[in-house]
């Protein structure tokens with residue numbers, strides 16, 4: 001997987017690509033926590049995520065909790081139906097700020 | 001190939017037909033292929049795409065529990081996956097050859113617990129209709145039985 005970080009209008013955008021699972025979670029967790037540590041809102045593009053498992057959810061949850069402590073936000077956007085299903089199974093779809101697309105994520109408070 | 005031989009403990013009463021038996025190393029890098037096998041088999045057995053993907057996720061999480069909690073991340077062991085179908089659903093067995101684990105140690109988290117972790121077991125129990133640890137045929141390792149009923 002190849003992940004990408006860009007900055008737009010004062011917000012960091014992280015694009016996750018491929019399988020967000022236990023095999024790759026160390027890299028993904030590092031990327032997310034590093035993004036949150038910059039003190040800016042972190043927008044996570046899930047459009048290229050092909051698979052999400054419990055460890056991927058755990059990494060995202062850790063980033064949300066760290067952002068909350070820092071007074072910033074983590075917003076997720078463009079999750080496909082398969083990825084959304086995993087959030088629903090975790091019963092955390094209301095814990096995460098999930099948006100249909102980047103514009104909605106940027107325009108909406110966490 | 002090691003036969004599971006535990007069909008008599010299955011909660012589905014109809015005759016079972018073996019659809020897939022696959023032995024693989026207990027390493028994370030191999031699980032994508034396993035997910036593909038489970039997805040294809042579940043689809044072939046009549047599950048809709050979303051349900052078949054759920055079953056593949058449950059098996060994936062169960063395999064990760066074996067790798068992390070039974071083999072403790074060491075790549076010395078194997079996992080045997082067997083999938084049977086009946087008229088009303090499918091039965092999956094995951095056999096490993098690691099020291100016996102206490103299922104209570106890998107139980108699901110409380111639903112109001114927002115700490116990261118322990119979600120995998122919650123996924124397995126949310127997706128499957130029955131999740132049960134059985135005595136392995138020769139007393140060695142662990143044997144997990146997962147059942148999914150066709151809606």
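Considering B:58, B:29, the condition of being within 14 Å of chain A (Cβ to nearest Cβ), in contact with a strand residue (DSSP E or B) (Cβ under 8 Å, 6 or more places away or on another chain), at pLDDT 90 or above and under 23 Å from residue A:23 (Cβ atoms) is satisfied by B:58 alone.
In region A:90-106, is there at least one residue being more than 23 Å from residue B:56 (Cβ to Cβ), modelled with pLDDT of 90 or more and within 13 Å of chain B (Cβ to nearest Cβ)? Within region A:90-106, none of the residues are more than 23 Å from residue B:56 (Cβ to Cβ), modelled with pLDDT of 90 or more and within 13 Å of chain B (Cβ to nearest Cβ). Among the residues here, residue A:46 qualifies as in a strand (DSSP E or B) and closer than 23 Å to residue A:108 by Cβ. Kindly establish whether residue A:16 is closer than 20 Å to residue B:57 by Cα and either at the interface with chain B (Cβ under 10 Å from one of its Cβ atoms) or surrounded by fewer than 21 Cβ atoms within 10 Å (Cβ to Cβ) (or both). Criteria not met by residue A:16.
Conditions tested, residue by residue: (1) buried (at least 20 other Cβ atoms within 10 Å of the Cβ); (2) part of a loop (DSSP other than H, G, I, E, B); (3) away from chain B (no Cβ under 11 Å).
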| position | (1), (2), (3) |
| --- | --- |
| A:30 | no, no, yes |
| A:40 | no, yes, yes |
| A:75 | yes, no, yes |
| A:85 | no, no, no |
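The values are calculated or read from the model by the stated rules, or taken from the named source; none is laboratory data. Small disclaimer: the values here were computed from a predicted structure and weren't measured. Positions of Cβ are generated from backbone atoms using ideal geometry, with glycine treated the same way; all protein chains shown enter the neighbour counts.
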